[in-house]
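The values are calculated or read from the model by the stated rules, or taken from the named source; none is laboratory data. Being a predicted model, the structure only gives us computed values, none of them experimental. Here Cβ is always computed from backbone atoms with ideal geometry, including for glycine, and neighbour counts include all displayed protein chains. With ligands, DNA and RNA removed, areas are computed over all heavy atoms of the protein, side chains included. Shrake-Rupley method; radii C 1.70, N 1.55, O 1.52, S 1.80 Å.
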Amino acid sequence: MMPQLGTMLVQLAVFLVLFLLLRKYAFGPLMKVMSDRAEYIENQITSAEKNRAEVERLAAEHKAAIDSAKKEAAEMLENARRSGDKQAADLVAAAEAEARRLREEASAEIKREKELALAEVREQVAALSVLLAGKIIHQELNAEGHKALFDEAVKEMGVRV
Amino acid sequence: MEHLFPTIGEGTWAIDLTAIGTSILAALIVLLLARLATKSVDVRKPRGLQNFFEWVIDFITGLAKDTIGGKRAMTYVPLAFTLIIYLFVANQMGLITNITAHIHEPMLGISQETLDHHDGEAHVSFFMSPTANLSVAMAMSIGIVTMTHFIGLRNPKSYFKHYIEPNPAFLILHLIDEVAKFITLGLRLFGNIFAGEVLIGILVGLPLLFGFFPTGGIPLIVWLAYSMFVGTIQAFVFTVLTLVYIGQKLPHDEHH
């Protein structure tokens, strides 16, 4: 079997045509798709990185906001507690003052009533004494008589006082 | 019995119709596959043949970068891509089927004269791997190796300097090497594929044992599988050597 130049030339022509067609209609589009994909992936990675940085920034921002809100809330709570305590103390103090005042008023009243009662007693004693003296003067009585009179007076005094 | 091939023309300028027909068929199959692969190319969801072709391009790009190196490797990727796919298809064609007809009358490409020369009966081969034809395989190798020389001659200084490196005494070795490339590249491809088909023919032709048991059956399956492997490897080897030869002819500034 000897190589035939005719077959060889036709074969080269066939291969050349195939090469040109494949390069134009298969290789070109496929290479384009592959480079497009590489670019697409590159873009995706870049944007993912960018987004992640953005997310991290936002998270830090949110954390700061939450922290300050917490601090504020704690401060407010503290303030409220303090003012509540103060109010309670004020209330207790006021109640104590009121109680003291009431007690003082009450004791003053008692004192006054007592004075009044004593004054009346004194008045009664005076009146009774006058009455007694009158009776003594009106009735001449013996010692026994005096004694009975005196007892009566004392008994009456006990009833009155 | 020697197989005949329908040919037109005489002597050196004869054209083997079977080889050219199957070669064109192989090219058409490759174009059909490429058409299917690029029918609906998708950047995000490559499917089926597109995946396969992209894998082949990736693979060839890797090979080209290893053997040629640098950015200029991409220039030769389309050629290597065409080579590996075309040779892969061409090498497997003879494994799918071989058609041989017993001819008693002259037909297109078989003259009465040829028929008479073979006692009036000829076994004519109509379908085989185009690469199992010496002319086809040699056409590929001579074409490729010649092309590598033209690529090298774009930088004449480094091209001619290569022949006397590392010493002018190596000139003769380089010349032998260059001449041998034309022959070895083609003969390696032809020999592997041709041998595969010859053995398939022999196994198919074995007589039936006891009149019913196909003696050649199991060895045939094994040999078909092996031939598919060989055909794939030879397509790969031819492509790699093409890239290596191109790389040798380019000025290797990066390596020195």
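Things to note:
- Carbon plus sulfur fraction of accessible area for the range A:41-160, probe 1.4 Å, in percent: 61 percent
- Sequence-distant aspartates and glutamates (8 or more away, or on other chains) whose Cα lies within less than 20 Å of B:Lys161: B:Asp177, B:Glu178, B:Asp253, B:Glu254
- Label zone of B:His123 (point 7 Å out along Cα→Cβ, amide N under 11 Å): in the range B:4-22 this covers B:4.
- Ligands, DNA and RNA left out, the 1.4 Å accessible surface of the range B:12-63 is 66% carbon and sulfur atoms.
- Chains B and A together bury roughly 3400 Å² of accessible surface, counting both sides and using a 1.4 Å probe on protein heavy atoms.
- Stretch gain in nm, segment B:Lys65-B:Leu108, where the contour uses 0.36 nm per residue and the Cα spacing is subtracted: 10.8 nm
- Mean accessible surface per residue for the protein assembly as shown, computed with a 1.4 Å probe while every protein chain stays in place, in Å²: 63 Å²
- From the Kirkwood radius over Cα pairs of the range B:3-249, Stokes-Einstein at 25 °C and 0.890 mPa s returns a whole-number translational diffusion coefficient of 119 µm²/s.
- Taking the centroid of alpha carbons for each part, the range A:99-114 and the range B:92-167 are 139 Å apart.
- Estimated FRET transfer efficiency (B:Thr12, A:Arg37; beta-carbon r; R0 51 Å; 0.05): 0.55
- For A:Gln4, the residues whose amide H sits under 5 Å from its own are B:Ser135, ignoring neighbours fewer than 5 places away on the same chain, with H placed 1.01 Å from N.
- Gain upon complete extension [A:Ala80, A:Asp151; 0.36 nm per residue less C-alpha separation]: 18.1 nm
- Here the protein assembly as shown was treated as a single set of alpha-carbon atoms; its pair distances binned every 20 Å from 0 give 17, 29, 14, 6, 6, 6, 6, 7, 7, 2, 0 percent.
- Nearby lysines by direct alpha-carbon distance to B:Lys157 (threshold 24 angstrom, same-chain neighbours under 8 apart not counted): B:Lys65, B:Lys71, B:Lys181, B:Lys249
- Stokes-Einstein D (µm²/s) once Rh is taken as the Kirkwood radius of the range A:1-67 over alpha-carbon pairs, at 25 °C in 0.890 mPa s: 145 µm²/s
- For the range B:142-149, 3J(HN,Hα) computed residue by residue from phi via the Karplus equation (6.51, -1.76, 1.60; θ = phi - 60°) reads 5, x, 5, 5, 4, 4, 4, 5 Hz, glycine and proline entered as x.
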